[in-house]
Every structure is written in C-alpha cells, then in structure tokens.
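Read through the structure below, which is laid out as structure tokens, and then see the notes.
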Amino acid sequence: MKRKAVKWIVGALAVLLIVAAVGGWVLFGTFLTAANSIQKLEDGLYAMEYRGDYGFDEFLARGGAASDKVLANYLTSYLSRGFYKPESNAQTGAFGCSTICAAGADGSTLFGRNYDWGACSAVIVHTVPRDGYESVSTCCLDFLGFDEGYAPDGSMAERMQTLAAIYVPLDGMNEKGLMIADLMAGDKEETHQKTDKPDLTTTTAIRLLLDRAANVDEAIGLLGQYDMNSSIGSAHHFSIADASGRSVVVEYVDGEMLVTSTKVVTNHYIGDCFKQGVGSGQSHIRFDTLDAFDGAADAETIRDLLESVAQKNYPQSDGSYEKTMWSIVYDPAVRQARFYFAENYAHYYWLLLGEKGDFIKP
C-alpha cells in the first residue's frame, strides 16, 4: 500500500511539473525563443528576431504612452507578465543624422540613412508580428537605459531586457517598402500633444508605422490618429518614404503636425513655418551636400553619399566628433538593405525580409 501511495505521489508531482512547464512555456515561450535568437555580430553590434505577439496591440488598447517612463513600465510589466515592475532609466542626449531618397536607374527607389551619436552599441531587430507587417529596424541600446554592465546577449534576464528594443526603433523598413527614420529637429522644443487621442512616443510611432503602414499616405493617416510625445527630451522629425518614391518629412511645431515633401532630411526644420531653417550649420552643410545629387542611383551611390556626410568628416575643435554609428541603404523593391556599422564602409551586412530564420548575412 505504501509503495502505491509513493508511486501515486511521484506520478502526481510529475504531472504537476509538466503542467507548470507547459504553463511557463505558454507565458514565456515566445519571449524565450526571441531572447535565445540574440547574437553578437561584432563588438557593439547585435541582432535578434521576434516572431509572434509582442504586446503592441495591448499597448495601443491601453492608450499607448505619453512618456518614455510610462513605456518602460508597460514593457517591464508585459515582458514579465506582471511579476515585477522595475523603475525605468531612459537615457537622454543629442545626435545628428541624415537621410536621402533617390530613384534608381530602373525606376526603383533607394533610401539611405546615417545615424549619428556618440560611441554606442546597437541591435538590428527583425520582427514578424502575429498581426502586422514584417520589418527590420535598428535600436541604439543607449535608449534602453540599462546599467553599464548590461550585455544584450548575456544572461537570460539581460536577453529578456533586450526584447524592449522592439519598442525603441530609430529607423526601419517593412515588407511593403515603407521606410522611416527618426532624426533630431533643429531645437530642443519637445512635442506633447494633448487631445483625447491615444498617445505615442517617438519610437513607438516608428513601431506603429512599420507594423501597419504600407505607404506614406497610410503613415501620415496613422500619425494623425495619435498624440505625439517626444522621446529623450528633445525635438524630433520623421523622414518617411515608400517604394513609389514618395518622400516626406513630418515635423511638429507648436503642437501641430506638418508634412513636407522632400528627398533629403538632416537636423533643421524644413516645413513652411516660422522655424524653417532652424538648426545647426553642420545640418545645412549635410543637407546641401545630399540635395546636390541629381541622377540615377544604385546602392553604392547611396553608400558613397552617406559616407560623404558621415561624422568623420566633421571633427570638432577639441579633436572629438560624434560618430556615424550606422548607415543603411534600403532597397524596397527587393526588400533588402545594406547595413554599415561604425563608419566601416568597406563591409556591410545584408538585411533580408521574407527569409525564414536567417534575416541577416555578413
């Protein structure tokens, strides 16, 4: 009788362990798969892939977020399924950046982007949402605000933290050929629209457009449905282009959204408003350099143009300069991009949409 009782207890415990394991996988399986996908490409550069639901519909249904701190609190709660809610610690700073949209010789569209910042680490993010467009995007890990010792591909806890990069893209392209980049505008005036619309931060607006907008018109329509709130305490504008070649800048002035057609965006205001032209002298130099290009382009042409306005060309008087941490040439016709890291224009990574399991190639 005792043996039967022991066997029953052992069997019951085994069943409980299986149930617990299954329940844990239901709660965290998608997260764990994505976390385990994180790989180091080279010093300071990482890549990861997320397939499935990452809570963005829930985020929007809750009204979005009017600040980086509110976003961070949602993310920590969602990624831990509510088991803990640590304090957020978003970083702030200023940076440059440049974009150009140009026609290819075959009538296709190419879009180039420089991201200028101090030395930092970055993660390339491939997302295949359950309900939305596949996309590739890039996140500066400074924006996540984690401790100095944090390693994106370190412990499982650190890998889980890295998943927050999905909500903090600074540029990207989706499967429909919608391309977007965040750039600092010409001053420090933050945008905080206050109506009865749900809220977005700068980076969650990019996630929204990558997931749901197929072209520039759809992107503008979506942005108009939300109140915009500046990330990292500064003014921003969006450079948005699509596969048809339409290219605009979206700016926020006195709480109003302005849309202006332009092939080039740097870091001064472009729209027809009282702030037009406000920005640094270097921004105007970079703009004029890119705007002077007139002709058919290929990927190498766009790369050369991006290199011509990279921060290595603008050393400061004290011998220091910001770095162009990455440059990307997007080609929406073939749903591919070339990614150059830390001003190394002799080497690029292929970013591939529509590829299963291997979205990046050296």
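With θ taken as phi - 60° and the Karplus curve 6.51 cos²θ - 1.76 cosθ + 1.60 applied, the whole-hertz 3J(HN,Hα) list for the stretch 141-155 is 5, 4, 5, 7, x, 7, 4, 4, x, 4, 10, x, 10, x, 5 Hz, x standing for glycine and proline.
Treating each Cα of the stretch 232-299 as an identical point scatterer and summing with the Debye formula, the log10 of I(q)/I(0) at q = 0.14, 0.26 Å⁻¹ comes to -0.46, -1.30. Checking the cross-link pairs Lys263/Lys361; Lys197/Lys263; Lys176/Lys263; Lys69/Lys188; Lys69/Lys194; Lys188/Lys312 against a 27 Å limit on the alpha carbon distance flags Lys263/Lys361; Lys197/Lys263 as lying beyond it. For the chain, the solvent-accessible area of protein heavy atoms averages 43 Å² per residue (probe radius 1.4 Å; ligands and nucleic acids excluded). On the principal axes of its alpha-carbon atoms, the stretch 217-362 has extents of 44, 43, 34 Å, going from largest to smallest.
When the accessible area of the chain is computed with all protein chains present and a 1.4 Å probe, what percentage of it is carbon and sulfur?
On the way: 8280 of 15650 Å².
In the chain, the share of accessible area belonging to carbon and sulfur is 53 percent.
Calculated FRET efficiency, Tyr345 to Ala157, Cβ-Cβ distance, R0 = 25 Å: about 0.10 to the nearest 0.05.
Calculate for the chain the 222 nm mean residue ellipticity that helices alone would give, adding -39,500 (n - 2.57) per DSSP H run of length 4 or more and normalising by residue count, nearest 500 deg cm²/dmol.
Helices in the chain give a 222 nm mean residue ellipticity of -9000 deg cm²/dmol.
Under the Kirkwood approximation for Rh and a Cα-based Rg, what ratio Rg/Rh is obtained for the stretch 320-362? When Rh is taken as the Kirkwood radius, the ratio is 1.07. How large is log10 I(q)/I(0) at q = 0.13, 0.14 Å⁻¹ when the Debye formula is applied to the Cα atoms of the stretch 153-210, each weighted equally and without solvent? Debye intensities relative to I(0), on a log10 scale: -0.50, -0.56. For the stretch 114-190, relative contact order (Cα pairs under 8 Å, six or more residues apart, normalised by length) works out to 28 percent.
With each label modelled as a point 7 angstrom along the Cα→C-beta vector, the Gln39-Ala333 pair spans 2.9 nm. Put simply, the stretch 286-357 fits an ellipsoid with semi-axes of 26, 17, 8 Å; these come from the alpha carbon gyration tensor as the roots of five times its eigenvalues, largest first. Karplus-derived 3J(HN,Hα) values for the stretch 53-64, using 6.51 cos²θ - 1.76 cosθ + 1.60 with θ = phi - 60°, are 7, 10, x, 6, 4, 5, 4, 5, 4, 7, x, x Hz; glycine and proline are entered as x.
Under a point-charge model restricted to the Cβ atoms of Lys and Arg (+1) and Asp and Glu (-1), what is the dipole moment magnitude of the chain relative to its Cα centre, in debye to the nearest 20? Before the final figure, lay out each step's value.
On the way: 30 positive and 47 negative charges, 425 e Å.
Around 2040 debye, computed over the chain.
Sorting the segments 124-130, 324-330 by their mean number of nearby beta carbons within 10 angstrom, highest to lowest, gives 324-330, 124-130. First check a/c for the stretch 102-170, with a ≥ b ≥ c the square roots of the eigenvalues of its C-alpha gyration tensor; if it is under 1.5, answer rounded, and if not, answer prolate when a/b is larger than b/c or oblate otherwise. Oblate, because a/c is 1.5 or more while a/b does not exceed b/c. Under the simplified labelling scheme, the Thr195-Ser244 pair shows an inter-label distance of 2.3 nm, with each label point 7 Å from Cα along Cα→Cβ. When the alpha carbon coordinates of the stretch 181-258 are projected onto the principal axes, the ranges are 32, 28, 19 Å, largest first.
What the Cα atoms of the stretch 108-258 give is an Rg and a Dmax of 15.4, 44 Å. On full extension, the segment bounded by Asp304 and Lys188 gains 38.7 nm, given 0.36 nm per residue less the C-alpha separation.
Approximating the spin labels as points 7 Å out from Cα along Cα→Cβ, the Arg130-to-Asp272 distance works out to 4.6 nm. For the peptides 267-273, 203-209, the ranking by packing is 203-209, 267-273, with the highest mean count of neighbouring Cβ atoms within 10 Å listed first.
Please report, ordered by residue number, every helix of the chain (full DSSP H runs) that is 27 Å or longer along its axis going by C-alpha atoms and whose mean Kyte-Doolittle hydropathy reaches -1.0. Write out the running numbers ahead of the final one.
Working: long enough: 2-37 (47 Å, 1.28).
Span-like helices, by this rule, are 2-37.
May I ask for the Kirkwood hydrodynamic radius of the chain, worked out over all distinct Cα pairs and given in angstroms to one decimal?
Details: mean 1/r = 0.0472 Å⁻¹.
One decimal place: 21.2 Å for the Kirkwood radius.
The values are calculated or read from the model by the stated rules, or taken from the named source; none is laboratory data. Given the structure is predicted, the values throughout are model-derived calculations rather than measurements. Cβ coordinates were reconstructed from backbone atoms using ideal geometry, including for glycine residues, and neighbour counts include every protein chain displayed. Quick note on the areas: whole protein, heavy atoms, side chains included, nothing else; ligands and nucleic acids left out. Shrake-Rupley method; radii C 1.70, N 1.55, O 1.52, S 1.80 Å.
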